[in-house]
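Read the structure below first, then the notes.
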Amino acid sequence: FSLRFTLSMLHKSAYVVYWSVLSLAKTMALLLQPFMSLKKLGRVFCTQISAQSSSRLTHTINLPSQLGQPVQIVAVPGLSDSDFRNAIESSLFKHWLKNIQTETGMLSNGATSLKQVLIQGVDMFGKRVGFLKFRADVIDKETGNKVPGIVFARGPAVAVLILLESEGKTYAVLTEQVRVPVGRLILELPAGMLDDDKGDFVGTAVREVEEEIGISLNVNDMVDLTAFLDPSTGCRVFPSPGGCDEEISLFLYRGHVGKEIITQLQGKETGLREHGELIKVHVVPYDKLWHMTADAKALMAIALYEMAKRGGLMPPPRSSSAEFSCH
Amino acid sequence: MSSESSSQLSHTINLPSQLGEPVHIVAAPGISDYEFRNAIESSLFEQWLKNIQTEAGILANGAMSLRQVLIQGVDMFGKRVGFLKFKADVIDKETGKKVPGIVFARGPAVAVLILLDSDGETFAVLTEQARVPVGRLILELPAGMLDDDKGDFVGTAVREVEEETGIRLNLDHMVDLTAFLDPSTGCRVFPSPGGCDEEISLFLYRGHVGKEIITQLQGKEMGLHERGELIKVHVVPYERLWRMTADAKALMAIALYEMAKREGLLPPPRASPEARQAKSISTYVSIP
């Protein structure tokens, strides 16, 4: 009996050790490697990208936040091989996977589980994944119910509330462009998507303002409005969290200019024509801004600016005039 | 409507705004006949076509032309089209350039900034739920999408607040904050106009409640469980709201409320506003 018992225990122990080593190795591999090399790992650890003949592309990943509960990534019918690969290797998708696993992420407290992701569509901007659409099957463990999981992923963006003081009056500088999704021209804060992974919000903001407005802002004069948010919020704002991954950093720029700059800016047409951006510049008295725009970015910036000002949290404006080139 | 054998489904429409320039609607590979039909017949798509042809719409001044729409994806919520994704080829006639035209269509929505005064302190009532797109729990204004075509923003707002927080608001005490916007804006706010058709009406509700209501509301778990809505109610002192939420709806409502208040545009709060707690939660409470 004792021999059998010992053998049985050894067998179990060996299995436990084997499984632990395997899991540990998988975890280490996941932590050390980008997801795209899971394909190579797959041959060793049995995670697979399989393209079953005439049926759907699939891929399996293991997330550190839910070991033992692999996630299936599948493609809708009609999605090409290259679109599928581009989707799962995109920084948009990786960023979303990262978000759900942070301390404040959905998987953090173990109450929900990600079972599957269905890649529905990929919009390439040249060689880069511009937009991604997918459906994540997230289950609430307690009720077994699925949480609504359709995602339109476009990544982070930045916008600037530019306030120029001229002869005692304060003006806001806005863009006006055709926005096909809302089907009309709208006045908005100058803004842009972060085109790469570097996460340089301020740099992107300065660049977008230059492209869209034609003025070069000094990085040092930018105040991060979203930094006033409580850290528990993540310090970015979410325009449409029920359907879109978008998170925005909002900046404030304050400068003094001569009257001729205001006149020059009004009605300028700028924008990167090659991108199809046909942008007109508008200058609006700041005290009218709140009811002249339907743009969420503008209204959010006003809220943060006004409340921060009221709470004495705004740093004093930097001295003297805005040294910017206006071309 | 033509469906050529083994190739793309397509459909042609003629818009009053550009007679003589028909618009081709085509389907991406993998879109079924059923999805295609639902897409082009959906109120989401019809509303977008209507939007582009209004006085303020992109076709209004003849500078732009809609050539084609590619239906990329259809998400059915039961029998209804919930979300639509399409790519519209809109050309600027002067330059011949295409304007960025990818659209995630979800239709209009409404949200409410609920301010409850208790013992001289003002509290805002928020929802907290897991939002898969941003991958985390977030504090938001109670809100909901308009489920039908009737365009009843206030009614939807009252219903959503009751489902999500258990509070029954009086329709008459709702102040339309987005109505303060200049008519040229369309009097709705756009959360993400570069990619999404969403337009939101924001309402303000102001009421007085006893302290026990505040306590009861805090931490309540609500939501339509069948829809997977697992919503917790939070009550936050209003003066702290602006820092405690990353939700665009909340920040926009604060902007409109504060600026309208500053300019004396808000109607005075109604004399005896009533916010009753829904029967299913606890006893009826009539709030003086």
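The values are calculated or read from the model by the stated rules, or taken from the named source; none is laboratory data. Owing to the predicted nature of the structure, the values given are computational and were not obtained by experimental measurement. Neighbour counts are summed over all protein chains in view; Cβ atoms, including those assigned to glycine, are modelled from backbone coordinates with ideal geometry.
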Take residue A:153 and decide whether it is over 30 Å from residue A:93 (Cα atoms), modelled with pLDDT of 95 or more and either of a type outside the set (Asp, Glu) or touching a helix residue (DSSP H, G or I) at 6+ places or on another chain (Cβ under 7 Å) (or both). no
Against the definition (surrounded by fewer than 16 Cβ atoms within 10 Å (Cβ to Cβ), within 12 Å of chain B (Cβ to nearest Cβ), of a type outside the set (S, T, N, Q) and in contact (Cβ under 8 Å) with a residue 24 or more places away in the chain), how does residue A:98 come out, yes or no? no
Just one listed residue, out of B:96, B:73, B:78, B:144, is in contact with a helix residue (DSSP H, G or I) (Cβ under 6 Å, 6 or more places away or on another chain) and among the small types (Gly, Ala, Ser), and it is B:144
Search result, residues across the stretch A:221-252 that are crowded, with 24+ Cβ neighbours inside 10 Å, more than 12 Å from the chain's Cα centre (by Cα) and aromatic (Phe, Trp, Tyr): A:251
Within the set of pairs 6 or more residues apart or between chains, which connect a residue that is at the interface with another protein chain (Cβ under 7 Å from one of its Cβ atoms) and in contact (Cβ under 8 Å) with a residue 40 or more places away in the chain inside the stretch A:284-299 to a residue that is buried (at least 21 other Cβ atoms within 10 Å of the Cβ) and part of a loop (DSSP other than H, G, I, E, B) with Cβ atoms less than 6 Å apart? A:296/A:239; A:296/B:191
Output for the stretch B:178-201, where each listed residue is aliphatic (A, V, I, L, M) and either in contact with a Ser or Thr (Cβ under 7 Å, 6 or more places away or on another chain) or away from chain A (no Cβ under 14 Å) (or both): B:189
Filter the stretch B:159-192 for residues that are among the hydrophobic types (A, V, I, L, M, F, W, C) and surrounded by fewer than 18 Cβ atoms within 10 Å (Cβ to Cβ) and give the result. B:171, B:179, B:187
Which pairs turn up if I take residues in the stretch B:243-257 that are in contact (Cβ under 8 Å) with a residue 40 or more places away in the chain and look for partners that are of a type in the set (Asp, Glu) with beta carbon separation below 8 Å, at least 6 apart in sequence or on another chain? B:244/A:230; B:245/B:140; B:246/A:247; B:247/B:140; B:249/B:140; B:250/B:140
Residues within the stretch A:193-211 that are over 20 Å from residue A:237 (Cβ atoms) and in a helix (DSSP H, G or I), tallied: 3
Across the stretch A:139-158, the tally of residues that are assigned to a strand (DSSP E or B), facing another protein chain (nearest Cβ under 7 Å) and either in contact with an Asp or Glu (Cβ under 7 Å, 6 or more places away or on another chain) or crowded, with 23+ Cβ neighbours inside 10 Å (or both) stands at 5
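Here's the yes/no breakdown for (1) more than 9 Å from every other protein chain (Cβ to nearest Cβ); (2) modelled with pLDDT of 95 or more:
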| site | (1), (2) |
| --- | --- |
| B:218 | yes, no |
| B:223 | yes, no |
| B:227 | no, no |
| B:237 | yes, yes |
| B:268 | yes, no |
| B:274 | yes, no |
Please determine, by comparing only the residues of the stretch B:30-46 that are of a type outside the set (Ser, Thr, Tyr) and at the interface with chain A (Cβ under 9 Å from one of its Cβ atoms), which one is farthest from residue B:88 (Cα to Cα). B:30
Based on this model, can you work out whether residue B:49 counts as surrounded by 18 or more Cβ atoms within 10 Å (Cβ to Cβ), within 25 Å of residue B:179 (Cβ to Cβ) and within 24 Å of the chain's Cα centre (by Cα)? no
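Give the residues of the stretch B:74-89 that are of a type outside the set (A, V, I, L, M) and within 9 Å of chain A (Cβ to nearest Cβ), sorted by residue number. Don't jump to the end; show me each part of the working.
Pass one, the stretch B:74-89, residues of a type outside the set (A, V, I, L, M): B:75, B:77-80, B:82-83, B:85-87, B:89.
B:75, B:82, B:83, B:85, B:87, listed by residue number.
Condition (residue is free of Cβ contacts under 8 Å to residues at least 12 places away in the same chain and either hydroxyl-bearing (Ser, Thr, Tyr) or within 11 Å of another protein chain (Cβ to nearest Cβ) (or both)) applied to the stretch B:55-73: is it met by at least one residue?
Kept after step one, since they are free of Cβ contacts under 8 Å to residues at least 12 places away in the same chain, are these residues of the stretch B:55-73: B:55, B:61.
Next, only the ones that are either hydroxyl-bearing (Ser, Thr, Tyr) or within 11 Å of another protein chain (Cβ to nearest Cβ) (or both) stay: B:55, B:61.
Within the stretch B:55-73 (the criterion being free of Cβ contacts under 8 Å to residues at least 12 places away in the same chain and either hydroxyl-bearing (Ser, Thr, Tyr) or within 11 Å of another protein chain (Cβ to nearest Cβ) (or both)), the answer is yes, since at least one residue qualifies.
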Step by step: first the residues of the stretch A:212-269, then only those that are in a strand (DSSP E or B) and hydroxyl-bearing (Ser, Thr, Tyr), then the one that is nearest to residue B:142 (Cα to Cα). Which residue is that? A:249
Given the options A:175, A:204, name the one that is under 24 Å from residue B:254 (Cβ atoms), of a type in the set (Val, Ile, Thr), more than 7 Å from chain B (Cβ to nearest Cβ) and in contact (Cβ under 8 Å) with a residue 24 or more places away in the chain. A:175
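Out of the residues in the stretch A:123-137 that are of a type in the set (Gly, Ala, Ser) and more than 15 Å from residue B:134 (Cβ to Cβ), which is farthest from the other protein chains (Cβ to nearest Cβ)?
Within the stretch A:123-137, the subset of a type in the set (Gly, Ala, Ser) is A:126, A:130, A:136.
Cutting the leftovers down to more than 15 Å from residue B:134 (Cβ to Cβ) gives us A:126, A:130.
Details: A:126: 13, A:130: 8 Å.
Filtering the stretch A:123-137 for residues that are of a type in the set (Gly, Ala, Ser) and more than 15 Å from residue B:134 (Cβ to Cβ), the one farthest from the other protein chains (Cβ to nearest Cβ) comes out as A:126.
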Among the numbered criteria (1) among the charged types (D, E, K, R); (2) more than 14 Å from every other protein chain (Cβ to nearest Cβ); (3) farther than 24 Å from residue A:259 by Cβ, which one does residue A:210 miss? (3)
